[in-house]
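Take a look at the structure set out below.
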Amino acid sequence: MPGLTAPSDYSREPPRHPLQKINSKQPFNSEPPRSALIASYLTPSHFFYKRNHGPIPILQNIHRYCVSISGLVENPKELFMKDIRALPKYNVTATLQCAGNRRTAMSKTRPVKGVGWDVSAIGNAVWGGAKLSDVLELVGIPNLTSKTQLGGKHVEFVSVDKCKEENGGPYKASIPLSQATNPEADVLLAYEMNGEPLNRDHGYPLRVVVPGVIGARSVKWLEAINIIAEECQGFFMQKDYKMFPPSVNWDNIDWSTRRPQMDFPVQCVICSLEDVNTMKPGKVKITGYAASGGGRGIERVDVSVDGGKTWMEASRFQKSGTPYVADGPSSDKWAWVLFEVTADILHSTEIIAKAVDSAANVQPEKVEDIWNLRGILNTSWHRVQVQASQSNL
């Protein structure tokens, strides 16, 4: 009996929190209310977004579960959980975000294909596990290696998860070997989330966490690691999660003209208000999250309460009691920041938030400018409408 199996149907799905907004039931994809994201710096696992491509795998026997490491490497190995747990354990605070976060807003410009995510396909957690760089040393690949002696330049992660996009084959993705073997990149084989064992929705018993990169590369329910010469040729690397210009449609698309998306661009969302709000005139606290990819910090969050005519700088924070400095030594480089500003809202208006990361990258003003047929990477200025009313509605 194998250690971990992918069921053929959805009869043995795990329980989920009733407040999760279900975007599709089979496979199960859901996100929390946006207000839940700003309740704490770390997102509880039950409020973390769920992104799945098939039935949730079931662990049959933890002692039989293993991960094979093979391919263009001289010492292929099978690693059991005891082998992975024997390596030094690291805790890395990292935000994962689906590339399709905020897709619903983009689809209002023109239709797009994909799960209809609102603004909560994102979460921040402390991931515990072994560094992939340490794991690869076990098969003879030293740290900071960009090419193995046999010509391997990419590390492919293969899941137990089976999906229709792969014609019933496994979900898979890859990252460059230079990133995988860099201890500073903090790529983990994680078995814990917020100090607890991973739950089934989040990859139990073992998953990859690739900080700073779109969630699609952080493969859950890990079955195999392959050292390969070229990028993974799987569906989600080659025919999905690529950024195309607004001029490309399903009739003229050529997937081979674009590289797979890796780092996430700078993003910012107001979470204390819904898309449309009615409230009494007065002081309003505006809070939300901001995050960027590649380990870049958030240098600034600007908020406007007059539709973009004037701007205020919001305060930014991560852990309570520790001042946040973008790219500072005490800041979590792979994690979001929460922001907050209080403003007087005296009449109906549009409230906007936008962020700037530590490389001075800014968000595009209009979603129309970055529309793409798959609806990914909607990082346009986040806008909410407020109707100020004296009556209590």
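The values are calculated or read from the model by the stated rules, or taken from the named source; none is laboratory data. Note that the coordinates shown come from a computational prediction; the quantities given were computed from them, not determined experimentally. All Cβ positions, even for glycine, are placed from backbone atoms using ideal geometry, and neighbour counts span all protein chains on display. Calculation scope for accessible area: heavy atoms of the full protein, side chains included, ligands and nucleic acids excluded. Shrake-Rupley method; radii C 1.70, N 1.55, O 1.52, S 1.80 Å.
Worth a mention:
- Whichever lysines have a C-alpha closer than 26 Å to that of residue 164, once near sequence neighbours (fewer than 8 apart) are set aside: 21, 25, 50, 113, 172, 220, 239, 242
- Simple Cβ-charge dipole of the chain, Lys/Arg +1 and Asp/Glu -1, about Cα centre, in debye nearest 20: 600 debye
- Taking Cβ atoms as reference points and 15 Å as the exclusive limit, the residues near residue 64 contribute a net charge of -2, counting Lys and Arg as +1 and Asp and Glu as -1.
- Sequence ranges 83-89, 339-345, ranked by mean other-Cβ count within 10 angstrom, highest first: 339-345, 83-89
- The string of couplings for region 141-156 from the Karplus curve (6.51, -1.76, 1.60, θ = phi - 60°) is 9, x, 4, 6, 9, 9, 7, 6, 4, 8, x, x, 10, 9, 10, 9 Hz, one whole number per residue in order, with x for Gly and Pro.
- Cα gyration tensor shape of region 153-287, rounded if a/c is under 1.5, else prolate or oblate by comparing a/b with b/c: oblate
- Neighbours of residue 383 by Cβ distance under 9 Å: Lys/Arg scored +1, Asp/Glu scored -1, total -2.
- In the assembled protein chains, residue 279 presents an accessible area of approximately 40 Å² (probe radius 1.4 Å).
- Cβ-Cβ FRET estimate between residue 258 and residue 346, R0 fixed at 45 Å, reported to 0.05: 0.45
- Computed on the chain, with alpha-carbon pairs under 8 angstrom and 6+ residues apart, the relative contact order is 17 percent.
- Residue among 79, 189, 377 with the largest mean-square fluctuation in a Gaussian network model of the chain, springs linking Cα atoms under 10 Å: 79
- Estimated FRET transfer efficiency when R0 is 35 angstrom, pair residue 369-residue 21 (beta carbons, to 0.05): 0.80
- Cα shape, region 57-162, gyration tensor, a/c 1.5 rule: prolate
- Of the accessible area of the chain, computed with a 1.4 Å probe over protein heavy atoms only, carbon and sulfur atoms account for 51 percent.
- Taking Cα centre as origin and charging only the Cβ of basic (Lys, Arg, +1) and acidic (Asp, Glu, -1) residues, the dipole magnitude of region 130-173 rounds to 100 debye.
- Distance between region 336-373 and region 112-188 - C-alpha centres, whole angstrom: 30 Å
- Protection proxy ranking for 132-143, 356-367, using the average of other Cβ atoms within 10 Å per residue and placing the highest first: 132-143, 356-367.
- Alpha-carbon centroids, region 248-310 and region 31-67: separation in whole Å: 23 Å
- Value of relative contact order over region 14-148, rounded to a whole percent, pairs C-alpha under 8 Å and six or more apart: 26 percent
- The residue 143 and residue 75 beta-carbon pair, evaluated with R₀ = 22 Å, returns a calculated FRET efficiency of approximately 0.90.
- Residue 202 sits with roughly 10 Å² accessible to a 1.4 Å probe, with DNA, RNA and ligands left out of the calculation.
- Cα gyration tensor shape for region 260-393, rounded if a/c is under 1.5, else prolate or oblate: oblate
- Across 195, 321, 307, mean-square fluctuation computed from a Gaussian network of the chain (C-alpha pairs under 10 Å connected) peaks at 321.
- Rolling a 1.4 Å probe over the heavy atoms of the protein chains gives the chain an accessible area of 42 Å² per residue.
- Packing-based ranking of 66-78, 214-226, 285-297 yields 214-226, 285-297, 66-78, ordered from highest to lowest mean Cβ neighbour count within 10 Å.
- Matching label, Cα extents along the principal axes in Å computed from the structure shown, candidates (1) 62, 59, 47; (2) 70, 49, 40; (3) 56, 54, 43: (2)
- Only protein heavy atoms count here; under a 1.4 Å probe, residue 10 has an accessible surface of about 60 Å².
- Label-point separation in nm, residue 89 to residue 279, each point 7 Å along Cα→Cβ: 4.2 nm
- Within the shell of other residues whose beta carbon sits under 11 angstrom from the beta carbon of residue 183, the net charge comes to -3, with Lys and Arg scored +1 and Asp and Glu -1.
- From helices alone, the chain scores -1500 deg cm²/dmol at 222 nm; the rule is -39500 (n - 2.57) for each run of n ≥ 4 DSSP H residues, then divide by the residue total.
- Of the residues 39, 173, 190, the one that moves most in a GNM of the chain with alpha-carbon contacts below 10 Å is 39.
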